[in-house]
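The values are calculated or read from the model by the stated rules, or taken from the named source; none is laboratory data. Just so it is clear, the model here is predicted, and its values are computed rather than measured. No Cβ is skipped: glycine too gets one built from the backbone with ideal geometry, and neighbour counts run over all protein chains shown.
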Amino acid sequence: MRRGWFLDMIKRNMKIAIVDYKAGNLQNVTNALNVLGRSFEIVKEPAELFRFDKVILPGVGAAASAMTKLAERGFDKALPNLKVPVLGICLGLQLSADFSEEGNVKCLSIIPGRVKRFETDLKVPHMGWNKVKIIQHSPLLTGLSDNDFFYFVHSYYLQCPKELIVGETTYDVIFPSIVQKGNFYATQFHPEKSSKSGLQLLKNFCDLC
Amino acid sequence: MLKSKSETSQPVSNLTKRIIPCLDVKEGRVVKGINFENLQDAGDPAELGKRYSDEGADELVFLDITASKENRQTLFELVAKVAKQVFIPFTVGGGIRTVEEIRRLLQLGADKVSINTAAVLDSEFISRAALAFGQQCIVVAVDVKKKGNGYKVFLKGGTQETTWDGLAWIKEAEKKGAGEILLTSMDKDGTKSGYDLPFLKTVSQAVKTPVIASGGAGSLEDLKAGLIEGRADAVLIASLFHYKEISIRQAKDYLSGQGIPMRI
C-alpha cells in the first residue's frame, strides 16, 4: 500500500540517539539497529539530544559509576526531561529508578522505585534466557507473545509500582522486566542479544511515533 | 516484591538451561577435524554462527585454534563480523593473555571471553579481567584429566600437566572472579561416551558460578544426564552438531520433553 510505504519511509528516517556516557559497550546496540535498517547517532553531549526523535540509554556495569559518568556530562538533568520516546536497556532501566542499592546511589527518578540486589539461593547474576510474562499492553510488544524468552545478565532488579509494569519475570522473586511510564520505556534484558524477539522489540521501539 | 510460591523449598525460576554450539576457528575459518588432526574447512564463522542462532542456539562459543598467536587481527575481524550478524550472546576464547586483548574483543562485540592457560599461569589475571569488565563476561575454561583418585588441570589441549587439583583450581578461579566455568573432561572429549558425570556434579555443587559441561556428549541422553545428574547449567556441543548427527531443535525438543526448561 502506498500510504504504508510512505509511513515506513518516514519511520526509517527518524533519527535515534544512542547515549554514550562511557559505561559499557554500544557496539551490539548499533549492530542491531543496523540490521533493522535504522539510522542513529552516538551522542556524547546532552544538548544534542533534542535533535532526535528517539533516545536509547544502554548500559553495562555498576550503577554508582554509571551515575557519576552521566552527571559528568549533564545527562542526569537532560534525560528525565525528554519528551520523545526513550528506551533504557539493562542498567539503563535501573538508572531510571529513584535509587539503586548498587553503590547506594540516587538515580534519575524517571520511574518511581528502588533497585535491589537478588537475595536468593539461586545463582547471581541472573544470567541466561528467561520468560517475560505480559502484564499489560504496550506498543513495545507488537508481534511478541506472552512468555517469550529474552536474554538477561544482572544482579540487581527494580521494584516499582504495579501500574508501570508491562512485563515481569520470575527468578525467585517476580520482578519487572519491561516497564513504561509515559514516553519512557525500559527493559531489564538485552533486546540486542535476544535473537528474534529482541530485534522485534527494538523494531517496535524504533517504530513508535 | 512478592516471593513466588512454590510447593518445595526450591526457589522458582524460569531460567532455561542453555545449548551452546562451539566452533573451532583457525585463521578466520571454521575447521572440523578429529582430535585436531585432518582439519577441514567448514565455512565462514559468521554464517555458521547465524545458522546455529536461527536454529535456536542459546549462545555461541568461538575457539581460536590458530597456531600462531602473534597476529590477532584475523580474530578481531572475525568477532566484528560475527557481532554484525548474530544477535545472541557469544564467547570468544583461545590464547587470550591480556586485559587489553579482552577489551578489544568486547568492544568489537563479543559478550564474553574464555580464558584458560593465562589464568592458570597467573590467577590474578581473572581478577583484573573481572574488575575491568564485570564477572559476567569472564569465562574460565578448565581442562581436566583423571589422575589416580583425583583430577588434574591440564594446559595446551591436555598435553601439559599442572600441579593444580581440578576442584581446587575451579574454586580458586571462582574466588578470583570467574563468571562461568567451562569444564572439559579430556578423558571423555571425542569419545561420545557421555560426560564425566561424577566430576561434573561435584563441581556444579561446589561452586555458585554457572558450569558449562563439555567433552563426551554422544547422544541426546548424554545431554540430559549432563544437565540433570551432572547439574550443569549449560552444555557445550561441537561435533554432534557439526556433523549433523542431531540438530539443535531436536536436542531442545527432547530435553524439553524430559522436563528440562529450554527456550524453544
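Candidates B:LYS84, B:LYS145: the one that is surrounded by fewer than 24 Cβ atoms within 10 Å (Cβ to Cβ), within 10 Å of another protein chain (Cβ to nearest Cβ) and basic (Lys, Arg) is B:LYS84. When B:LYS146, B:LYS112 are checked against the criterion of being more than 30 Å from A:ALA23 (Cβ to Cβ) and of a type in the set (Lys, Arg), a single residue qualifies: B:LYS146. The sole residue among A:VAL166, A:VAL132, A:VAL153 that is buried (at least 20 other Cβ atoms within 10 Å of the Cβ), at the interface with chain B (Cβ under 9 Å from one of its Cβ atoms) and β-branched (Val, Ile, Thr) is A:VAL153.
Please tell me if A:ASN183 is at the interface with chain B (Cβ under 9 Å from one of its Cβ atoms), of a type outside the set (A, V, I, L, M), surrounded by fewer than 19 Cβ atoms within 10 Å (Cβ to Cβ) and over 19 Å from B:LYS208 (Cα atoms). For A:ASN183, the condition - at the interface with chain B (Cβ under 9 Å from one of its Cβ atoms), of a type outside the set (A, V, I, L, M), surrounded by fewer than 19 Cβ atoms within 10 Å (Cβ to Cβ) and over 19 Å from B:LYS208 (Cα atoms) - is not met. Of all the criteria given as (1) among the aliphatic types (A, V, I, L, M); (2) at pLDDT below 95; (3) part of a helix (DSSP H, G or I), the one not satisfied by B:ALA217 is (3). May I ask you to list the residues in region B:90-137 that are part of a helix (DSSP H, G or I) and of a type in the set (D, E, K, R)? Selection gives B:GLU100, B:GLU101, B:ARG103, B:ARG104, B:GLU124, B:ARG128.
Screening A:LEU95, A:LEU108 for residues that are touching a residue at least 12 places away in the same chain (Cβ under 8 Å) and closer than 15 Å to A:ASP20 by Cα leaves exactly one candidate, A:LEU95.
Considering region B:94-124, and only residues there that are touching a residue at least 40 places away in the same chain (Cβ under 8 Å) and away from chain A (no Cβ under 12 Å), the residue that is nearest to the chain's Cα centre (by Cα) turns out to be B:SER114.
You will find that of B:LEU227, B:LEU183, the residue that is more than 14 Å from chain A (Cβ to nearest Cβ) and within 26 Å of A:VAL153 (Cβ to Cβ) is B:LEU183 and no other. Among the residues of region A:102-124, those that are within 20 Å of A:LYS162 (Cα to Cα) and either more than 12 Å from every other protein chain (Cβ to nearest Cβ) or β-branched (Val, Ile, Thr) (or both) comprise A:CYS107, A:LEU108, A:SER109, A:ILE110, A:ILE111, A:PRO112, A:VAL115, A:ARG117. Does region B:248-259 contain at least one residue that is farther than 16 Å from B:LEU15 by Cα, in a loop (DSSP other than H, G, I, E, B) and among the charged types (D, E, K, R)? No.
A quick yes/no check of all residues on (1) at pLDDT 95 or above; (2) over 25 Å from A:ASP207 (Cα atoms); (3) aromatic (Phe, Trp, Tyr):
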| position | (1), (2), (3) |
| --- | --- |
| A:ARG12 | no, no, no |
| A:ALA17 | yes, no, no |
| A:LYS54 | yes, no, no |
| A:ALA64 | no, yes, no |
| A:LYS69 | no, yes, no |
| A:PRO85 | yes, no, no |
| A:GLU102 | no, yes, no |
| A:SER109 | yes, yes, no |
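Number of residues in region A:14-62 that are without any contact (Cβ under 8 Å) to a residue 40 or more places away in the chain, loosely packed, with under 14 Cβ neighbours inside 10 Å and on the phi > 0 side of the Ramachandran plot equals 1. Restricting region B:149-204 to residues that are of a type in the set (S, T, N, Q) and closer than 13 Å to B:VAL120 by Cα leaves a set whose member that is modelled with the lowest pLDDT is B:GLN160. In region A:157-208, how many are under 12 Å from the mean Cα position of the chain (by Cα) and in a helix (DSSP H, G or I)? Summing the residues that are under 12 Å from the mean Cα position of the chain (by Cα) and in a helix (DSSP H, G or I) in region A:157-208 gives 6. If the requirement is being outside any loop (DSSP other than H, G, I, E, B) and β-branched (Val, Ile, Thr), which of these qualifies: A:VAL115, A:VAL84, A:VAL124? Result of the check over A:VAL115, A:VAL84, A:VAL124: A:VAL115. Could you figure out which of (1) away from chain B (no Cβ under 14 Å); (2) among the small types (Gly, Ala, Ser); (3) assigned to a loop (DSSP other than H, G, I, E, B) isn't true of A:GLY61? In the conditions (1) away from chain B (no Cβ under 14 Å); (2) among the small types (Gly, Ala, Ser); (3) assigned to a loop (DSSP other than H, G, I, E, B), A:GLY61 misses (1) alone.
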